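The values are calculated or read from the model by the stated rules, or taken from the named source; none is laboratory data. None of the values given here were measured: they were computed from a predicted structure. Counting neighbours? That spans all protein chains shown, and the Cβs are built from the backbone with ideal geometry, glycine included. Surface areas here come from the heavy atoms of the whole protein model, side chains and all, with no ligands, DNA or RNA. Shrake-Rupley method; radii C 1.70, N 1.55, O 1.52, S 1.80 Å.
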Amino acid sequence: NCPVGLSYDRIELEHTGVTLAQMKNVEVVINGKPVMTFKDGARIEAINDYYGRPKTAGFLTLHFARPEMKTLEQGRLTSLGTVDVATLAVNIDIDAGAAAPVIKAHAVQSEPAPLGAFIKVREFQFDASVAGELEISTLPRGPRILAAHFFKADISKLDVELDSQKVFSASKVLGQSIQNTYGRVPQSASATHFDTALE
């Protein structure tokens, strides 16, 4: 459970005796509703790596502010304001194989603000057991999609359609080249990325 009042720029999870892969089903929960869900700590680190965010061994960072943005104002736009929030929690399931798990949470905070704009992360599974073209028609609708990270190693091309209009089409290597231009670090061995906010 996290105290409310100030804004959260990030939460640093200092950990020993447990690997990132053993930190399962990580959730950030606001007022009892999950707003960020991740398969495990390794997935969080892979997304952080894509954005080129700094990291330190023994720490896993949940970013709310975005250090990869060009100005402090842009970066803090998505800080998690908690003035009007009743409860904020981070939930983690620890795998039974963890030797002697110890996790300490440290918050990096800024001035008080209402909840406002923030980044939601939803992770879901899709069946991709066959070769060839695969259509995923179950992407969430409603809020703006800043990025989609497809964690499957053998994707060769990505097309994105919005209301039957193609809005993005690129081979994996072309997409990575474009993302590299904007300072992203594509996780090519394990994922293919679709990023609408490169600038």
Discussion item. What do you get for the angle between helix 41-50 and the principal long axis of the chain? Use alpha-carbon atoms, 0 to 90 degrees, nearest ten.
Written reply: 60
Fill in: Of 70/166; 39/172; 55/166; 55/120; 39/166, pairs whose Cα-Cα distance is over 26 Å
70/166; 55/166; 39/166
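Can you tell me what percent of all Cα-Cα pairs in segment 2-113 are more than 18 Å apart? Display every interim value, and only then the final one.
Working: 3125 of 6216 pairs.
Value for segment 2-113 (Cα pairs over 18 Å): 50 percent.
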Worksheet entry | Residue-wise HN-Hα coupling along segment 154-163, computed from phi with Karplus coefficients 6.51, -1.76, 1.60 (Hz; x: Gly, Pro) | 9, 6, 10, 8, 10, 10, 10, 10, 10, 6
Response to the item:
Among [x] 17.6, 52; [y] 14.7, 43; [z] 18.0, 58, the entry matching Rg and Dmax of the Cα atoms in Å as calculated here is [x]
Practice prompt. Note the angle between two axes, namely the Cα long axis of helix 172-181 and the longest principal axis of the Cα atoms of the chain, as a number of degrees from 0 to 90, rounded to the nearest 10.
Written response: 50
Worksheet item: So how exposed is residue 152, as accessible area in Å² (1.4 Å probe, rounded to 10)?
Response: 60
Discussion item. Give me, ordered by chain and number, the residues 5 or more places off residue 123 or on other chains with an amide H under 5 Å from its own placed amide H.
Written reply: 37
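At 1.4 Å probe radius, can you tell me the per residue accessible area of the chain in Å²?
Details: 11790 Å² over 199 residues.
Ligands and nucleic acids excluded, the figure is 59 Å² per residue.
Can you tell me the order of 52-64, 23-35 when each peptide is scored by its average per-residue count of other Cβ atoms within 10 angstrom, highest first?
In decreasing order of mean packing, 52-64, 23-35 become 23-35, 52-64.
Got the relative contact order for the chain handy, in percent, Cα pairs under 8 Å and 6 or more residues apart?
Working: 367 pairs, mean separation 53.2, N = 199.
Once normalised by length, the contact order is 27 percent.
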Worksheet item: How much of the accessible area of segment 76-199, in percent, comes from carbon and sulfur atoms when a 1.4 Å probe is used?
Response: 53
Worksheet item: What is the local net charge at residue 108, summed over the other residues whose Cβ is closer than 15 Å to its Cβ (Lys, Arg +1; Asp, Glu -1)?
Response: +2
Worksheet item: Classify segment 88-199: rounded, prolate or oblate, from the alpha-carbon gyration tensor (a ≥ b ≥ c, eigenvalue square roots; a/c under 1.5 rounded; otherwise prolate if a/b is larger than b/c)?
Response: prolate
